[in-house]
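Q: Attaching a single structure in structure tokens format; questions to follow.
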Amino acid sequence: MMDCLIPDIMKESIRKEIDLNNAVIDNTKSQVNLDDEISKPLVRTLSDHYAEYLDKGKIIMISDILFDGRYEADLIQRIKNIVQAIVLESFAKSNGLDLNDLPGDMRVATAGLKIDDFAFDNDKACITLSGKTDLEDPSVLLLDEKESIFKKAHAKEGKLFFDVIGLLKQKKYRVFVLDKAKVYSLISADPDVISVEPYAFHKNVMYILSYENKGICIAKKSIRSDIRIKDADIIEEDIILKIDIRENVKHCRVYIKGRKTKEVLKIPAELDDKGEMACVIDTKELPEEKFSDVYVYTKTDAWEKIEVLSGKEAYFEKKGLAGKIEFAVVTTKGRAIAIERVNQGRWITRRQNVIRGKLMKLIQQKTEADKNIAIFESYGGRQYSCHPRAIYEYIQKQRPDIKCIWSVDKGNEKVFKENNIPRVRRFSLKWIWLMSKARYWVSNARFPLWVRKPEKTVYLQTWHGTPLKRLGADIEAVFMPGTDTFTYNRNFYRESRNWDYMVSPNRFSTNVFSRAFVIDKENIIESGSPRNDFLIRNKNNEQLIEKIKRSHGIPLDKKVVIYAPTWRDDQFFAKSKYKFSTALDLEKLKRELGDEYVVILRMHYLVADDIDLTGFEDFAYNISTGDITQLYLISDILVTDYSSVYFDYAVLGRPMVFFMYDIEDYRDRLRGFYLDVDSFVPGPIVKTNEELASEIKRANPDNENLKRFLKQFCALEDGEATKRVCEKIFKT
């Protein structure tokens, strides 16, 4: 097939021996950590790229190169050397092998070529270069360990263009530029560039550009159809579909097929001169069942075909009444579009929630919103913390005319009682009444889907930090109990349709939130972090710091390390049952640090109650509830991993250490990252407890990475973020 697409293709192969006599091959996929037992390096990334085992501890590295065109033998050999060098160096680094042991002919020096942006332009990849560049005869090398591609590129007016359509066979390639005997990797210092992943479609394949691990990558992903829904409307008793064809089509129509009855409905369609197709579906003629699938027939001079109608995003949904029946045009699994007869019971699995949802609907139909009521909730009613707390305390002082009430989950009332904070039990009858009447909702997490937002209520979704891990529709695979990737994305989409405004701490987050939650940027308030106003104003308040330490029983004569790791999506063993596990070796750390330091453990609420600190009472403290902002204030050093807590802690200008013992697994198998952690974390990365103790001892807040990080992500942190949000939302 490749030869048909590109007649001039040339294929060359590389075979290189690798000596692993001084290493141990680990085929357990890192499930057993034997670093302390085995002194030799553990080679963990063997795959079919290095599949041929030889005698005497050697393997053969096998890699192919496709040349898009005919080239001189000298150039072909040079490209083979470059690919061989980069692949072997990557193999050595990822397995902790000594680079000095590599043969001399296996080295290649790459320079950095700075970029400002990347996109697709008429199905060609387009890289916008930064500043003046003198590329004379550029080529691109799309590198994959198994198969790489070399092809000519075109430079014009500060941009580099190259064609990838039809070429890619592997899932993902790293892009290098070759010019004047030099090899360049493409680098960017702008995190906003990293957060954007442009894509192009061609013949049922989606091509995606991304910035990962200090370089540009290009990937391909097969899709069921490149005919995508553009919009849908439900008017009176008709469903109107608008479909993006993107082909020179002469005839078209739509087929609707019932999933169970197999009944087929043929519907005529019309084309406009922009390649958009429209069809009107009479809902009275639809099959009498829950789901009906949608297919599109098209005809040109060359072919006829019928395809699945696919969604334009990870999730698409349009709902409305057709007569007395509610219908929805929705994405189903595989991004295929279907027409659904909506049954409210589909999303409400408990009878109790059915009653609650109907009661909310009834109250909203019979009453008007009270402009003087605001409901606040943090982490599903479990805390008095985060952005909702900062906004609440500001409104209490600046807008006493607004009655502020906290939504509190059962068992979490203590802090609200102690501070005499108005509250209502979450999901109680009074809660349902107040939620139905309130003019404002302020929350940093999602509400259940059965919770109906009144039309005149303003819902401010503050979220809970700058994202490092992928969110919402950007997550390709979900490892959580009781859900899957499709359900997770669908529920996120449905909930975010209720959000009127969102809080963003910086421009990077604005770009991510807009795409991951499918939110218009004009509805995102780029204000800085309201919860960080407290840190800005009190970071040198010694009296307050001492008071907080005493309230938690923290010694005043020792330095404080706070350990706040992220929640790992696979940290469960059954629905609603979670397991506590940590690579933190408290015994080793106590031995190394116990004379000068104490450690605060700030774990996820789902496992906080399972932490046993017997034997470490004078060294480790489990403070996994309450407002983490106060713990930041009393801490001298933060230890974290992939959690976004360091975006907040950074405003204090204090040292941070990143304990990423499972970085390869987390990056590749769980959520993945928006940012290149090697470049964008403002502190050293360690993988062992010995390295962690060493970095804590020599921690230094005065480092260039932290200064650069503050400039890029914390420029809006001036102590006035809450004011900016409230002036936008709580208008008189």
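Q: Can you tally the net charge around Gly131? Count Lys and Arg as +1, Asp and Glu as -1, for every other residue whose Cβ sits under 11 Å from the Cβ of Gly131.
A: Around Gly131, the surrounding residues sum to 0.
Q: So what is the orientation-averaged projected area of the range 110-222, using the convex hull of its C-alpha atoms, in nm²?
A: 6.7 nm²
Q: Give me the number: length gained by fully extending Lys333 to Trp433, i.e. 0.36 nm times residue separation minus the C-alpha to C-alpha distance, one decimal in nm. Write out the running numbers ahead of the final one.
A: Values: separation 100, 0.36 × 100 = 36.00 nm, distance 3.62 nm.
Full-extension gain reported as 32.4 nm.
Q: Could you tell me which trypsin sites (Lys or Arg not before Pro) in the range 623-710 are loop residues by DSSP with no more than 11 other beta carbons within 10 angstrom of their beta carbon? Before the final figure, lay out the partial values.
A: Values: sites: Arg667, Arg669, Arg671, Lys687, Lys697, Arg698, Lys707, Arg708; in loops: Arg671, Lys687, Arg698.
Sites meeting the loop and neighbour criteria: Arg698.
Q: Once the mean 1/r over all distinct Cα pairs of the range 351-531 is inverted, what Kirkwood radius in angstroms do you read off?
A: 17.1 Å
Q: Cut-off 16 Å, label point 7 angstrom out along Cα-to-Cβ of Asp557: give me the residues of the range 582-598 whose amide nitrogen falls inside.
A: In the range 582-598, the label zone of Asp557 (backbone N under 16 Å from the point 7 Å along Cα→Cβ) covers 594-598.
Q: Please give the contour-minus-distance gain from Asn540 to Val264: 0.36 nm per residue of separation, less the Cα-Cα distance, rounded to one decimal in nm.
A: Computed gain between Asn540 and Val264 is 92.2 nm.
Q: For a bin width of 10 Å, list the pair-distance distribution of the range 228-342 built from all Cα-Cα distances, rounded to whole %.
A: In order of increasing distance, the bins hold 15, 49, 31, 5, 0 percent.
Q: Arranged by the count of other C-beta atoms within 10 angstrom, fewest first, what order do Arg228, Arg531, Arg15 take?
A: Lowest to highest Cβ neighbour count: Arg15, Arg228, Arg531.
Q: How large are Rg and Dmax for the range 132-178 when only the alpha carbon atoms are used, in Å?
A: 11.4, 34
Q: Could I ask something else about it? What ³J(HN,Hα) values, in whole Hz, does the Karplus curve 6.51 cos²θ - 1.76 cosθ + 1.60 give for the range 456-464 when θ = phi - 60°, with x put for Gly and Pro?
A: Running phi through 6.51 cos²θ - 1.76 cosθ + 1.60 with θ = phi - 60° gives 9, 7, 9, 9, 9, 9, 8, 6, 9 Hz.
Q: Still on this structure, please answer the following. Within 10 Å of each residue's Cβ, count the other Cβ atoms and sort His387, His154 from fewest upward.
A: His154, His387
Q: Using Cβ contacts closer than 10 Å as the measure, can you line up Thr457, Thr128 from fewest to most?
A: Ranked by crowding around the Cβ, least crowded first: Thr128, Thr457.
Q: May I ask you to compute the full-extension gain from Lys366 to Lys156, defined as 0.36 nm times their residue separation minus their alpha-carbon distance, rounded to one decimal in nm?
A: Roughly 69.2 nm would be gained on extension.
Q: Could I ask something else about it? Please work out the FRET efficiency for the pair Tyr255 and Tyr199, using the Cβ-Cβ distance as r and a Förster radius of 22 Å; give the result to the nearest 0.05.
A: Once the sixth-power term is evaluated, E becomes 0.20.
Q: When you count, for each residue, the other Cβ atoms within 10 Å and take the mean per peptide, how do 193-199, 137-143 rank with the highest first?
A: Numbers: 193-199: 17.6, 137-143: 20.9.
The densest-packed peptide leads the list: 137-143, 193-199.
Q: So which GluC sites (Glu not before Pro) in the range 117-195 are both in a DSSP loop and have at most 13 other Cβ atoms within 10 Å of their Cβ?
A: Glu136, Glu157
Q: Evaluate the distance, in nm, between pseudo-label points positioned 7 Å from the Cα of Lys547 and of Arg78 along their respective Cα→Cβ axes.
A: Taking the two extended label points, one gets 7.0 nm.
Q: Additional query: Exactly which chymotrypsin sites (Phe, Trp or Tyr not before Pro) in the range 259-324 are in a DSSP loop and have at most 13 other Cβ atoms within 10 Å? Intermediate values should be presented prior to the final figure.
A: On the way: sites: Phe291, Tyr295, Tyr297, Trp303, Tyr315, Phe316; in loops: Trp303, Tyr315, Phe316.
Filter output for the range 259-324: Trp303.
Q: Filter Lys132/Lys521; Lys437/Lys728; Lys93/Lys214; Lys410/Lys453; Lys151/Lys305; Lys260/Lys361 down to the pairs with a C-alpha to C-alpha distance above 24 Å, please.
A: Beyond 24 Å between Cα atoms: Lys132/Lys521; Lys151/Lys305; Lys260/Lys361.
Q: What is the local net charge at Arg531, summed over the other residues whose Cβ is closer than 11 Å to its Cβ (Lys, Arg +1; Asp, Glu -1)?
A: Net charge around Arg531: -4.
Q: Given contacts defined as C-alpha pairs under 8 Å and at least six residues apart, what's the relative contact order of the range 228-342, whole-number percent? All intermediate terms of the calculation are to be shown ahead of the outcome.
A: On the way: 277 pairs, mean separation 31.0, N = 115.
Once divided by the residue count of the range 228-342, the mean separation gives 27 percent.
Q: Separate question: Show me the ranking of peptides 653-659, 495-501 by mean Cβ neighbours inside 10 Å, starting with the highest.
A: 653-659, 495-501
Q: Tell me, what is the FRET efficiency for Lys274 and Arg446 to the nearest 0.05, using R0 = 35 angstrom and their Cβ-Cβ distance as r?
A: So the FRET efficiency works out to roughly 0.40.
Q: If the reach is capped at under 13 angstrom between alpha carbons, list the aspartates and glutamates near Lys262, excluding any in the same chain fewer than eight residues apart.
A: In chain and number order, the partners are Glu288, Glu289, Asp293.
Each reported figure results from applying straightforward, stated rules to the coordinates on display, with no laboratory input. Computed from a predicted model, the values in this text were never measured in an experiment. Every residue, glycine among them, receives a Cβ derived from its backbone with ideal geometry; neighbour counts consider all protein chains shown.
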